[in-house]
1. So if we plug the beta-carbon distance of residue 70 and residue 110 into 1/(1 + (r/R0)^6) with R0 = 35 Å, what FRET efficiency do we get, rounded to 0.05?
2. What's the local net charge at residue 96, with K and R +1, D and E -1, over the other residues with C-beta under 14 Å away?
3. At 0.36 nm per residue, and after removing the present C-alpha to C-alpha distance, how many nm does the segment from residue 135 to residue 151 gain when stretched out fully?
4. For residue 148, list long-range residues whose amide hydrogen, built 1.01 Å from N in the peptide plane, is under 5 Å from its own amide hydrogen.
5. What FRET efficiency comes out for the pair residue 89/residue 63, r = Cβ-Cβ distance, R0 = 41 Å, nearest 0.05?
6. Ranked from highest to lowest mean number of other Cβ atoms within 10 Å per residue, what is the order of the peptides 66-72, 122-128?
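Values in this text are rule-based calculations from the coordinates and carry no lab data. Here the structure is a predicted model, which is why all the values come from computation and not from measurement. When we count neighbours, we look across all protein chains shown, and the Cβ atoms used for this are built from the backbone with ideal geometry, even at glycine.
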Amino acid sequence: MPAAVKLAGPVVHPRDGRPAPTWAVRVAHLIPLAVLPSGLWRIALVAGVPLGAYEHGAPARTHGWESVYVLSLSVLSEALALLSLGLVRPWGEVFPRWLPLLGGRRVPPSFAVTVATAGAVGATLVWGYATWGVVSRNLTVESDGLGFSPAGFALLVACYVPLLLWGPLLLTITLAYHHRRCRD
């Protein structure tokens, strides 16, 4: 009877398993914190908290599907921000075992870098454009029926300005991930 054949374990790449720099870990944790204020502002709007936003002279409120959309946007934004932790954690190098078809396999660095870079560029463009739109509309005082009290506008700015950091911070840790996983 032939001797038992020992199967080799999964191929481990020599660049895998290196710890992320401390600064990159801190930046990765900062991203969800930068996204959080805007989500809390939207949740407060849905809950009916007076935020200084007015629609046709009455406090702005969301109803029905609009509330579901606003809450979903908040949850999705925070979930995407939390994915940045994968660039500094082991699950950014090996897919979690619970994922069908991919679980336990090595995350190709080019895949992670491409997705994270696209996310960084997208976040920068979306939130930069949105900020420009809100600021320019409130400076020109268009008559679309939506407006803010001075305190309400200050609160809106305080909650949404941190979103402008999302893209650049994500790009920074993406570069650190690339250096750690693709260079000696």
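1. With R0 = 35 Å, the Cβ-Cβ based efficiency is 0.50.
2. On the way: positive: 89, 97, 105, 106; negative: 93.
With Lys, Arg at +1 and Asp, Glu at -1, the neighbours total +3.
3. Using 0.36 nm per residue and subtracting the Cα-Cα distance, I get 4.3 nm.
4. Amide H neighbours of residue 148: 54.
5. Computed FRET efficiency for residue 89 and residue 63: 0.55.
6. Highest-to-lowest ranking by the protection proxy: 122-128, 66-72.
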